[in-house]
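The values are calculated or read from the model by the stated rules, or taken from the named source; none is laboratory data. Keep in mind the model is a prediction, meaning the values are calculated, not measured. Because the Cβ atoms are built from the backbone with ideal geometry, glycine has one as well, and the counts that use them run over all protein chains shown.
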Amino acid sequence: MSKILVIEDEAAIRRVLVKILNEENEAYQIEEAPDGAAGLQKIRQADYDLVLCDIKMPKMDGVEVLQEARKEKPEIPFIMISGHGDLDTAVQTMRLGAFDYISKPPDLNRLLTTVRNALDRKELVVANKRLKKKVSKSFEMIGESSGIQSIKEIIEKVAPTDARVLITGSNGTGKELVAHWIHEKSTRSSAPFIEVNCAAIPSELIESELFGHVKGAFTSAVKDRAGKFEAANKGTLFLDEIGDMSLSAQAKVLRALQESKISRVGSDKDIKVDVRVVAATNKDLQKEIEEGRFREDLYHRLAVILIRVPDLNERREDIPLLIRHFSKKIGEEQGTVVKSFSKDAVRLLQEYDWTGNIRELRNVVERLIILGEQEVSAADVTLFANK
C-alpha cells in the first residue's frame, strides 16, 4: 500500500487531488496538510512513498519544504504543484531534487502518469537499498574479541572523514573487509569502490592499470583507456598489497595523492581526480623503506591512520562465531541444511595453529560441512581438517 501526502493550501485543489488519487487506486493511503510547515512536520513524523507539494503556500513554501525534507529523507519523491506564474520555480525544484512538477489545474492523465512513475522510482530506490544491504553483509566483520572491537571503533571514527588508511596484517586476516567497511560507512558509499591487487599485476603494467594510457603509449595500447584512479573518482580506491608496487608507480601515486591529479601513460595532460585511497599490505613497510624498496614519503602519505588486523591465532575466542557464520553462509550458497558443530569439534578447531588465518578456517569449515556428519564432531575434525 502506497502512502501519499498532499500538501496544498487551497482546500478545493487539495480535495480534487485526493479524489483523483482515490479513484486511481483505492489502496492508496492519502494524508493531507494545509500548509508547508504542517506538511514538513508530517514528513518528519511518518514515512511516505510520495509527496505532492504546492509551491506557493503560507508559513513555508514548497521549495523550503523540498529542501528540508531532502536533508532528512532524500529517498521520498516530490511532485511539485505549480501555478501559472510558478513554472520557473518549478523547474528550479527539479534541480533541487524534485521528481517532476504538474501545473494547476492538474491534467488527469499527466498527474496519474507522474504519480505512477514516481512510485515506481521509490520502489526501485528501496530495492537498491535492500540489495546494497545484502552486498554489505558479504563484507561483515565477525568477532567480539578486543582486537576486532578496537578496529570497529576506529572505523566508526575514521570512515566519515577522507583520511587515508593503511591496513596491515598477515594474508587471510580480512584486510579487504576492513577496507570495504571504511567505504560502506563513508560519505562516498554511493560512489565506486575500486580494488587493485598490486601483487597480481606485472610491474610493467601497474602504471597503466592505475593511471590509464593513451593510444600508442606502448605496443598493445590500441586505444585510450582510463585507469583505476579515474574509475574510482568520487569514491574509494583500495590498493591491496601496496608493498609490491614498483618504485616508479609509487612516485606517480605520491603525486596523485599530493596534487589530486594524474596523467595517463603516454600523455602529459593532467586529469583531476577526487579519490580516497585506502591501502593494505602484509609486508613490514618500515623494513621495506630501510632496504630501499618503498618510498618513505609515500608511506607517510598513506599511513594517516594505521589499522593492524590481528592473526586468527590472536583472537581464538572469535572462532566459534566464525564457524557459525561460515556454516550458515555455506549452507545458503549451496542450498543445503545448515550444519552444527559439536562443542568438542569447536574446541579442537580453536586449538589449531591457523597459519592461513580466516581464509584457511573458512576452507576447513566448508570441507567439514561436505564430508562430516549432520553434526560435525571432533572425530570429523580429526579426519578431515588436515591440520
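Can you confirm whether region 324-342 contains a residue that is in contact (Cβ under 8 Å) with a residue 60 or more places away in the chain, at negative phi and outside the structural domain of Gly174 (by TED's automatic domain parsing)?
So the first thing to find is which residues in region 324-342 are in contact (Cβ under 8 Å) with a residue 60 or more places away in the chain, and the list is 325.
Filter once more, keeping what is at negative phi: 325.
Checking which are outside the structural domain of Gly174 (by TED's automatic domain parsing) leaves us with 325.
Yes, because at least one residue in region 324-342 is in contact (Cβ under 8 Å) with a residue 60 or more places away in the chain, at negative phi and outside the structural domain of Gly174 (by TED's automatic domain parsing).
Scanning region 129-160 for residues that are surrounded by 15 or more Cβ atoms within 10 Å (Cβ to Cβ), polar (S, T, N, Q) and at pLDDT below 85 yields one hit, Ser136.
Out of all the residues in region 181-200, which are of a type in the set (A, V, I, L, M), under 15 Å from Ala159 (Cα atoms) and touching a helix residue (DSSP H, G or I) at 6+ places or on another chain (Cβ under 7 Å)?
Of all residues in region 181-200, those of a type in the set (A, V, I, L, M) come to 182, 191, 194, 196, 199-200.
Applying the additional criterion that residues be under 15 Å from Ala159 (Cα atoms) yields 182, 191.
Passing the criteria: only Ile182.
Cβ-Cβ distances below 8 Å connect the following pairs, each with a first residue in region 202-214 that is free of Cβ contacts under 8 Å to residues at least 24 places away in the same chain, a second residue that is not in a helix (DSSP H, G or I), and a separation of six or more residues or different chains: Glu209/Val196; Glu209/Ile201; Glu209/Gly227. Reported count of residues in region 34-45, each being farther than 13 Å from Phe78 by Cβ and touching a residue at least 12 places away in the same chain (Cβ under 8 Å), is 6. Just one of the listed residues (Val346, Val365) is modelled with pLDDT of 95 or more and touching a Phe, Trp or Tyr at 6+ places or on another chain (Cβ under 6 Å), and it is Val365.
Scan region 103-114 residue by residue and report those that are in contact with a helix residue (DSSP H, G or I) (Cβ under 7 Å, 6 or more places away or on another chain), surrounded by 13 or more Cβ atoms within 10 Å (Cβ to Cβ) and either over 19 Å from Ile7 (Cβ atoms) or modelled with pLDDT of 90 or more (or both). Leu111, Leu112 - these are the residues of region 103-114 that are in contact with a helix residue (DSSP H, G or I) (Cβ under 7 Å, 6 or more places away or on another chain), surrounded by 13 or more Cβ atoms within 10 Å (Cβ to Cβ) and either over 19 Å from Ile7 (Cβ atoms) or modelled with pLDDT of 90 or more (or both).
Just to check your reading of the model, which residue among Val346, Val275 is of a type in the set (A, V, I, L, M), crowded, with 16+ Cβ neighbours inside 10 Å and in the same structural domain as Gly227 (by TED's automatic domain parsing)? Going through Val346, Val275 in turn, just one is of a type in the set (A, V, I, L, M), crowded, with 16+ Cβ neighbours inside 10 Å and in the same structural domain as Gly227 (by TED's automatic domain parsing): Val275.
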